[in-house]
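Readers should treat all values here as calculations from the given coordinates under stated rules, not as data from a laboratory. Since we're looking at a predicted model, the values are computed, not measured. In this analysis, Cβ positions are derived from the backbone assuming ideal geometry, glycine residues included, and neighbour counts consider all displayed protein chains.
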Amino acid sequence: MIFLKTLFVKNAKLSVEEIIRKKTFISFFFFFILIGVGIESWKWLWVQPLDHGIQGGIQQPLRTILNANEKIFNKTLSSTHLAKTYPVTEAARKVRVNGNVGMGNDFDPAKWKLQVVKTNGDTLFFTLDDIKKLPKTEIIFNFKCIEGWNQITWWGGVKFADFIKYYHLENEANLRYVGMSTPDEEYYVGIDMPSAIHPQTLLCYEMNRQPLPMNQGYPLRLIIPVKYGIKSIKRIGTIFFSNDRPADYWFERGYDYYSGL
Ligand SMILES: Nc1nc2c(c(=O)[nH]1)N[C@H]1C(S)=C(S)[C@@H](COP(=O)(O)O)O[C@H]1N2
Ligand SMILES: [Mo]
């Protein structure tokens, strides 16, 4: 008690030991208050409503911050610049496989057709040959996964923009987004149209000049170098167009909707 009284006495009137004790006390006092504020803030954040009804959504305040980031970066990055490309000699021979959502074994590639839903509700069906007969484009770029790894890889396919032009989907491409999902609809992405029709965005059917391996998305996957890997959906089943943001698997689990680079 005698010690606590010194808290209210001017330093000039105290001994050196008393001043040190006083300062130590004050430091610890604020230290514990700050820890308390930190813990309480976390607790508060934790009980905030999630931004999606699903397990794994993120708290609304965090989503608000992410949305603000998107507003800044979506406008400045991704849809206009070209991703850096590399010589063939730098392309990985052993390409990493990552992510198998929507890649179940119950898939029959022989029965596969790409479904494209038009804005008037009609559905078009494309075989792999329908796609392969368009001009082939290749790209060797640094594929970046949001988990922190990256790899220079070599892909071949048809520019999404060429596909749009050749099959007269211009009306569809006037909408703001394209949605793509696996045949079982387990994995799905939404892409802003400027990034979808970007000259490096491919409906991809080859890797290292070979048909796409099954676990890399055979028969058809997206390769979109201006985005993180989460957007390069493997095993595309359906494509549709919309002015509203299509559902996106990793967005629903807390990642940035645009995920631009
Ligand atoms: N259908 C499907 N596509 C997917 C995924 C997935 O889980 N399922 N994972 C994504 C992620 S996170 C990455 S990094 C890339 C990995 O592509 P790769 O397996 O060819 O390396 O695929 C993307 N496309
Ligand atoms: Mo990824």
Across the stretch 216-252, the tally of residues that are assigned to a loop (DSSP other than H, G, I, E, B), hydrophobic (A, V, I, L, M, F, W, C) and more than 8 Å from ligand 1 (Cβ to nearest atom) stands at 6
Does the stretch 90-108 include one or more residues that are surrounded by 13 or more Cβ atoms within 10 Å (Cβ to Cβ), within 16 Å of ligand 1 (Cβ to nearest atom) and part of a strand (DSSP E or B)?
no
